[in-house]
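Shown next, in structure tokens, is the structure this report addresses.
The values are calculated or read from the model by the stated rules, or taken from the named source; none is laboratory data. Everything numeric here is computed off the predicted structure, so don't read it as measured data. Cβ: placed from backbone, ideal geometry, glycine included. Neighbour counts: every protein chain shown.
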Amino acid sequence: MIQETKMKPVAALVLGLCSTYAAASGFQLQNQNGAGTGVAYAGAAAVAEDASTIFFNPAGMTYLSEGSSISAAGTLLNRSVHFSNKGTTPMPVINPATGAPTGAFHPIGSDGGDGGGLALIPAGFYSYAISPALRVGVGISATYGSETEYDPGFAGRFSGRYTSIHQININPSVAYKVNDMVSLGFGLNYAKNEIKFKQATPFISAAGLGPEGILEGDDDAWGYNLGAMFQISPSTRIGLAYRSAMKFHLEGKQRVDALGVDRAIRAQLETPDNFSMAVSQKLSDRWEMLGDITWTGWSSVKALTAVSSASGAAVAAPLRYNMKDSYRVGLGAKYQVSEALSLRFGTAYDQSPVPNAESRTMTVPDSDRTWLSVGARWNLSKASSLDVGYAHIFFKDTSTNRAVTNTAETATLQTVRGDFKTSADLLSMQYNMNF
């Protein structure tokens with residue numbers, strides 16, 4: 001008998017280039033460049049100030065200097081996740097031979113320490129002007145990512161103790177300037193995913209914590225993104241951007257070494273699509289306001305089922321995320337101090353797709369969040385610039401009431417009850433060059 005949380009690593013196979021935690025809602029990574037951190041990524045689909053526009057709106061390449069444009073970025077993300085047990089029930093000890101409870105119970109365990117940590121998120125972009133109207137480019141960045149690790153004696157270990165997820169996204173793109181008012185862009189997306197997940201299983205073990213199960217897997221998938229920019233007036237620009245869903249046919253291994261379990265599994269996961277509408281409004285020679293609203297179709301992630309590659313039979317109860325579509329709203333500003341220096345400010349509200357405490361998992365304890373950001377851009381020369389940005393993310397305190405069931409979902413073996421307190425700090429740098 002393998003618990004429902006064995007499925008979590010398969011589900012999460014949609015995450016980041018680096019081991020890190022999603023800075024946007026769900027398990028998504030907002031940090032696709034370094035320059036956007038200073039304005040909380042407000043108006044990203046309308047900014048078009050460097051080659052990172054390839055990700056946010058490929059049509060923005062037509063606003064870059066002729067020749068080549070390069071942007072290279074790195075973001076340090078430090079996340080803190082603290083769980084406080086609030087009445088977690090004990091997990092019964094299960095006899096692996098019969099699948100029946102023995103009458104004994106595993107110790108509930110501890111709060112698990114800090115489940116977060118420090119990680120680096122890199123990104124790089126290149127754009128080239130074939131002609132004044134036609135541009136091509138490519139971006140490499142992380143679109144989803146999560147690493148969460150609690151102590152081995154964590155009270156929620158039967159619902160997930162460790163997740164490490166890596167996704168790299170390669171985004172070749174093309175843009176065409178139709179006229180002085182309209183630019184269009186298109187990009188392909190190739191994503192490669194790798195994951196490793198650990199959780200306790202409820203069987204007999206010498207340590208009393210339950211033998212640890214491990215699931216590893218990988219897959220790749222294709223998608224696309226579209227963009228349009230409208231220069232309504234010399235001071236007003238509107239950007240529209242859409243990024244498609246991506247469907248992964250996941251393959252991997254499920255192992256519980258202490259019990260001799262080693263089998264191939266497969267599952268399917270569709271990551272959400274999203275649509276953003278953004279505006280850039282220059283108020284004067286010094287002030288520029290930025291804003292956006294972004295919708296993400298998280299309702300595509302409801303439940304995931306791992307099955308045996310050999311027989312097609314379920315090897316775990318479905319992992320039920322029950323996610324709902326969510327919205328993000330951002331507002332930012334730029335102030336041109338001098339020809340060489342501009343300052344940035346921003347705030348954003350990012351709605352969580354997790355609908356309730358029953359759907360909140362241990363390794364993605366998501367909640368609504370608010371960004372506060374500051375940053376600056378230095379023009380080092382006519383051809384190069386440097387961005388620096390800092391953001392603090394305030395997460396709404398939230399709770400979990402997560403049931404751990406048997407494989408057939410006919411009985412609840414344990415209910416993990418507790419509160420989460422989460423926060424995150426981001427420090428970004430980005431170097432830009434035109435030649």
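Taking the stated definitions as given, is I170 modelled with pLDDT under 90 and assigned to a strand (DSSP E or B)?
No; evaluated as a whole, the condition is false for this residue.
L64: in contact with a Ser or Thr (Cβ under 9 Å, 6 or more places away or on another chain) and crowded, with 18+ Cβ neighbours inside 10 Å, yes or no? Yes. Reported count of residues in segment 276-302, each being crowded, with 21+ Cβ neighbours inside 10 Å, outside any loop (DSSP other than H, G, I, E, B) and of a type outside the set (S, T, N, Q), is 5.
Summed over segment 170-186, the residues that are surrounded by fewer than 24 Cβ atoms within 10 Å (Cβ to Cβ), in contact with a strand residue (DSSP E or B) (Cβ under 6 Å, 6 or more places away or on another chain) and of a type outside the set (V, I, T) give a count of 6.
Within the set A97, A119, the sole residue that is touching a residue at least 12 places away in the same chain (Cβ under 8 Å) and either of a type in the set (A, V, I, L, M, F, W, C) or assigned to a loop (DSSP other than H, G, I, E, B) (or both) turns out to be A119. One residue stands out in segment 399-417 among those that are at pLDDT 95 or above and surrounded by fewer than 22 Cβ atoms within 10 Å (Cβ to Cβ): the one that is nearest to the chain's Cα centre (by Cα), namely S399. Residues of segment 327-356 that are at pLDDT 95 or above, farther than 18 Å from A278 by Cβ and among the aliphatic types (A, V, I, L, M): V337, A340, L341, L343.
Taken over segment 228-262, the criterion of being without any contact (Cβ under 8 Å) to a residue 12 or more places away in the chain, of a type outside the set (D, E) and farther than 24 Å from E288 by Cβ is satisfied by G260 alone.
A count restricted to segment 126-152 and to residues that are closer than 25 Å to N179 by Cβ and not hydroxyl-bearing (S, T, Y) stands at 8. Checking segment 49-56 against the condition returns a match, with at least one residue being within 21 Å of F27 (Cβ to Cβ) and either in a helix (DSSP H, G or I) or touching a residue at least 12 places away in the same chain (Cβ under 8 Å) (or both).
Based on what the data block shows, is S381 small (G, A, S), more than 25 Å from L240 (Cα to Cα) and in a strand (DSSP E or B)? No, not satisfied.
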